[in-house]
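Data block below; observations after.
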2 protein chains.
Amino acid sequence: MSVTAAKGFTAAGIAAGIKENGNPDLALVVNNGPRRSAAGVFTSNRVKAAPVLWSEQVLKSGEVSAVVLNSGGANACTGPKGFQDTHATAEKVAEVLGRGAVEVAVCSTGLIGVLLPMDKLLPGVETAAAQLSEHGGEKAAIAIKTTDTVHKTSVVTKDGWTVGGMAKGAGMLAPGLATMLVVLTTDAALDNDVLDKALRAATKVTFDRVDSDGCMSTNDTVLLLASGAAEVTPEYEEFAEAVRAVCDDLGQQLIRDAEGAGKDIKVEVINAATEDDAVEVGRSIARNNLLKCAIHGEDPNWGRVLSAIGTTQAVFEPDRLNVAINGVWVCKNGSVGEDREKVDMRYREVHIVADLAAGSETATIWTNDLTADYVHENSAYSS
Amino acid sequence: MSVTAAKGFTAAGIAAGIKENGNPDLALVVNNGPRRSAAGVFTSNRVKAAPVLWSEQVLKSGEVSAVVLNSGGANACTGPKGFQDTHATAEKVAEVLGRGAVEVAVCSTGLIGVLLPMDKLLPGVETAAAQLSEHGGEKAAIAIKTTDTVHKTSVVTKDGWTVGGMAKGAGMLAPGLATMLVVLTTDAALDNDVLDKALRAATKVTFDRVDSDGCMSTNDTVLLLASGAAEVTPEYEEFAEAVRAVCDDLGQQLIRDAEGAGKDIKVEVINAATEDDAVEVGRSIARNNLLKCAIHGEDPNWGRVLSAIGTTQAVFEPDRLNVAINGVWVCKNGSVGEDREKVDMRYREVHIVADLAAGSETATIWTNDLTADYVHENSAYSS
């Protein structure tokens with residue numbers, strides 16, 4: 001059901017010919033109201049794609065009528081012409097929907113540094129608009145795939161209102177979001193400031209803590225649109241929890257579909273002095289190529305965990321660190337702990353716990369192992 | 001000639017049985033004076049191996065009579081027993097040489113979290129001491145290899161004095177030094193404060209800018225010992241240049257021998273506002289797994305260079321960035337530049353220039369591509 005699970009939304013996904021292989025590559029999501037409240041979170045990369053620069057401006061008004069998304073080209077590092085193309089895309093959507101271009105957010109994903117084939121994209125907008133449907137959510141989710149092997153959707157339904165969404169992303173997952181496009185919709189009746197607060201709180205502990213390969217994209221965008229069609233205004237906490245749950249589910253789907261990965265690694269940092277410390281240590285562990293290779297080899301190489309912790313500025317004493325891998329405390333007090341032979345690493349999910357013994361804060365970062373398949377996927381062709 | 005190229009030094013390298021495969025694993029380097037001045041630079045990892053903790057204390061006196069190095073075990077994360085073992089090793093060297101243990105630096109490399117087989121190491125010290133020779137430099141260089149495919153030595157001879165050295169390292173190369181043990185010797189007559197200044201200046205622009213996989217070791221050590229046997233005191237600038245040249249040569253040898261690498265990548269950042277900016281940007285590019293995969297695939301994917309630059313705090317404007325790969329300016333003003341088809345990437349060395357257009361400072365970071373062989377070497381067995 002994806003972005004059309006919530007009332008008030010229609011969507012479509014089509015093949016406009018942007019991708020040379022003829023796969024679906026253009027999605028349209030339309031908010032039919034009565035409200036058009038919206039919030040957005042964008043990449044923190046300072047090199048931002050044209051659609052990000054455009055959509056950041058659109059979101060300043062707090063209202064979005066439609067989102068147009070294309071795969072098959074990121075429209076990043078494309079100069080003034082690239083920005084003109086994004087603008088023209090928004091104008092085209094506005095024209096066919098009878099809305100203003102300033103209400104149209106644009107998202108793109110694909111190769112950096114290549115201009116979009118506007119002669120295919122603009123007619124594609126007309127085709128997509130003609131196919132808009134309350135059942136179009138899944139097609140839209142399919143049309144935004146790049147190297148994704150599956151499309152990703154999630155829905156949480158509460159007492160009379162719903163939060164649903166779709167995501168694409170299968171690599172370049174990193175803080176400040178993954179190369180990731182996410183559109184969330186809700187029929188709850190909420191103002192844009194409430195949406196913004198709930199969205200930022202959710203992404204901070206979900207997408208921001210999914211770190212497949214430490215690489216940050218130029219195009220990451222997460223949008224949350226509210227139609228108000230359910231005519232229900234939930235309590236903030238309940239709404240925020242629903243948004244967090246959908247983001248968490250989509251984030252997990254991203255990790256499970258990460259390019260070339262054989263393991264999903266949950267890095268849980270406990271007993272940190274501050275949450276920031278926990279996140280810093282978690283990221284450092286999650287980005288350690290040597291550890292990621294060891295996990296791929298099903299080797300509980302805890303020395304590489306300690307090595308990664310040691311590069312951070314977090315509060316800890318080296319001789320008080322403890323590390324568990326899949327429940328076995330292989331490192332105690334910074335030294336050899338339980339027998340590493342006890343660690344069973346045959347399954348896809350691997351759970352690393354790093355105990356800093358310095359406080360009571362915690363954070364969990366998700367990453368993947370580093371594999372020959374990852375290298376192949378990212379070296380055999382441009383992406 | 002290695003560490004015995006300079007007068008006043010003897011060395012030995014033997015197989016003590018620390019490595020199960022019977023390969024050489026213990027090296028001894030002795031300064032026979034008349035001076036015993038020394039300086040050292042150690043890992044900035046906060047999780048430091050026992051030999052690093054020991055040697056840092058030894059170096060505080062500014063005098064070192066001997067260095068004992070073992071491969072086959074890092075003696076890191078080994079708790080109080082590990083430190084006792086390092087101490088016992090230094091005592092043993094002191095005993096057989098008739099010196100004080102506080103003059104004996106200790107270096108170890110190998111797997112983290114495993115105690116050294118002292119029943120083999122201590123008798124090995126006696127064997128090595130019996131084989132000390134003015135021609136032992138090469139044997140010492142061989143005995144410190146781990147996954148190195150070749151041993152690494154370098155010598156610069158000036159007017160009546162010499163700087164020579166040996167290095168081991170083939171992975172975990174990163175700032176704050178590589179997993180890397182380096183011993184440099186000179187017969188110049190210099191005080192330890194001069195040695196310290198020259199060594200820090202040299203490592204800052206050589207070993208510190210070799211970043212094979214962004215992983216920082218618990219054991220990195222670079223030592224510089226001066227015997228004064230040449231009875232010559234060179235000008236500081238000339239001496240510092242010789243030390244830098246030997247460090248640079250050894251650093252290049254490390255990059256060329258990096259585990260599983262197929263390409264050596266020179267990342268040159270130019271026109272930065274500050275040298276720190278240039279280093280930050282260079283490191284960010286050098287650590288981008290997606291770019292490293294692209295280089296492996298001989299794909300001049302400059303979008304990944306811009307993506308990496310965008311994650312830094314350096315001074316730059318996205319639309320003024322220029323990137324050249326092997327001499328072709330594939331990105332101009334943050335957008336598409338010359339035809340990427342012109343880039344010839346068939347050879348081992350790849351040269352990336354990132355022009356920040358923000359000043360006049362520069363820095364060069366060396367790294368390697370990311371390959372399936374790297375994954376294999378670091379996942380197929382513990383290291």
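Where the only charges are on Cβ atoms (+1 Lys, Arg; -1 Asp, Glu), what is the dipole of the protein assembly as shown about its Cα centre, to the nearest 20 debye?
440 debye
Distance in nm between label sites at A:Q131 and B:H351, each 7 Å beyond Cα in the beta-carbon direction?
5.0 nm
Under 5 Å between amide H atoms, partner at least 5 residues away or on a different chain: which partners does A:A363 have, H built in plane at 1.01 Å?
Amide H to amide H, under 5 Å and 5 or more residues apart or across chains, A:A363 pairs with A:V269.
Relative contact order for chain B using alpha-carbon pairs under 8 Å, separation at least 6, rounded to a whole percent?
Relative contact order of chain B: 18 percent.
Partner chain Cβ atoms within 10 Å, averaged over the residues of B:107-116 - can you pull that number for me?
3
Distance between the C-alpha centers of the range A:332-383 and the range A:29-86? Whole Å please.
Rounded to whole Å, the Cα centres lie 35 Å apart.
Once the label point is placed 7 Å from Cα along Cβ, list for B:R320 the distances to the corresponding points in the other copies, in nm, shortest first.
4.7
Taking chain B as the reference, fit the longest principal axis to its C-alpha atoms, fit the long axis of helix B:79-97 to the helix C-alpha atoms, and give the angle between the two in degrees, 0 to 90, nearest 10.
60 degrees
Rounded to whole Å, give me the distance from the Cα center of the range B:281-299 to that of the range B:229-264.
25 Å
Can you pull out the trypsin sites (Lys or Arg not before Pro) in the range A:1-70 that DSSP calls coil and that have at most 12 other Cβ atoms within 10 Å?
A:K60
Choose one of A:A363, B:G260, B:A11: the residue whose Cα lies farthest towards the positive end of the charge dipole of the protein assembly as shown (beta-carbon charges +1 Lys, Arg; -1 Asp, Glu; about the Cα centre).
B:G260
Given a Förster distance of 22 angstrom, what is the FRET efficiency for A:K204 paired with A:Q57, based on the Cβ-Cβ distance and rounded to 0.05?
With R0 = 22 Å, the Cβ-Cβ based efficiency is 0.45.
Which trypsin sites (Lys or Arg not before Pro) does the range B:71-124 hold that lie in a coil by DSSP with at most 14 other beta carbons within 10 Å?
Filter output for the range B:71-124: empty list.
So which of B:K19/B:K168; B:K266/B:K292; A:K7/A:K139; B:K81/B:K139; B:K263/B:K292 end up more than 19 Å apart by C-alpha?
B:K81/B:K139
Kindly give the distances from B:V205 to its copy-mates, label point to label point, with each label point 7 Å from Cα along Cα→Cβ, as nm values to one decimal ordered shortest first.
5.0
Work out from phi, with θ = phi - 60° and the Karplus expression 6.51 cos²θ - 1.76 cosθ + 1.60, the ³J(HN,Hα) of each residue of the range A:185-202, listed in order in whole Hz, and give x for Gly and Pro.
Residue by residue, the range A:185-202 yields 10, 8, 9, 5, 8, 9, 7, 5, 5, 6, 4, 4, 4, 5, 5, 5, 4, 6 Hz.
Out of all DSSP beta bridges in the range B:2-256, what portion is antiparallel? Express it as a percent rounded to 5.
75 percent
Sort B:T149, B:T109 from largest to smallest accessible area, using a 1.4 Å probe on the heavy atoms of the protein chains.
The ranking, largest first, comes out as B:T149, B:T109.
Which longest run of chain A has no exposed loop site in it, a site being chymotrypsin sites (Phe, Trp or Tyr not before Pro) in a DSSP loop with at most 16 other beta carbons within 10 Å, and the site itself not part of the run?
A:1-346
Just in the range A:20-86: which GluC sites (Glu not before Pro) are loop by DSSP and have at most 12 other Cβ atoms within 10 Å?
Passing both the DSSP loop test and the Cβ count: A:E20.
Check A:A15: other-chain or 5+ apart residues with amide H under 5 Å from its amide H, H built from backbone geometry?
When sequence neighbours closer than 5 places are left aside, the close amide H contacts are A:D25.
Taking only DSSP H segments of four or more residues, each worth -39500 (n - 2.57), what value at 222 nm results for chain A once the sum is divided by all its residues, to the nearest 500 deg cm²/dmol?
-9500 deg cm²/dmol, from helical runs alone.
Please list the non-local residues whose amide H lies under 5 Å from the amide H of B:G73, H modeled 1.01 Å from N, same-chain partners needing a gap of 5 or more.
Correct list: B:T109, B:G110, B:L111.
Give the chain A residue with the shortest beta-carbon distance to the rotation axis relating chain A to chain B, plus that distance as a whole number of Å.
A:A372, 2
Return the inverse of the average 1/r over all pairs of distinct C-alpha atoms in the range A:2-256, which is the Kirkwood hydrodynamic radius, in Å to one decimal.
Value: 17.2 Å, from the Cα pair sum.
Residue by residue through the range A:125-138, which ³J(HN,Hα) values in whole Hz follow from phi under the Karplus form 6.51 cos²θ - 1.76 cosθ + 1.60 (θ = phi - 60°), with glycine and proline marked x?
4, 5, 4, 5, 4, 5, 9, 4, 8, 5, 10, x, x, 5
For labels at B:N23 and B:D276 in the simple 7 Å Cα→Cβ model, what's the distance in nm?
4.1 nm
Note the angle between two axes, namely the Cα long axis of helix A:275-286 and the longest principal axis of the Cα atoms of chain A, as a number of degrees from 0 to 90, rounded to the nearest 10.
Compared with the principal axis, the helix lies near 80 degrees.
Quick one: what are the phi-derived ³J(HN,Hα) couplings along the range A:266-272, Karplus 6.51/-1.76/1.60 with θ = phi - 60°, whole Hz, x for glycine and proline?
9, 9, 10, 9, 10, 6, 8
Using only Cα atoms, tell me the angle between helix B:236-256 and the longest principal axis of chain B; keep it within 0 to 90° and round to the nearest 10.
70 degrees
The values are calculated or read from the model by the stated rules, or taken from the named source; none is laboratory data. As the structure is a computational prediction, the values presented were derived from the model and not from experiment. Glycine gets a Cβ as well: all are built from the backbone with ideal geometry, and neighbour counts include every protein chain shown. Side chains included, ligands, DNA and RNA excluded: accessible areas come from the protein's heavy atoms. Shrake-Rupley method; radii C 1.70, N 1.55, O 1.52, S 1.80 Å.
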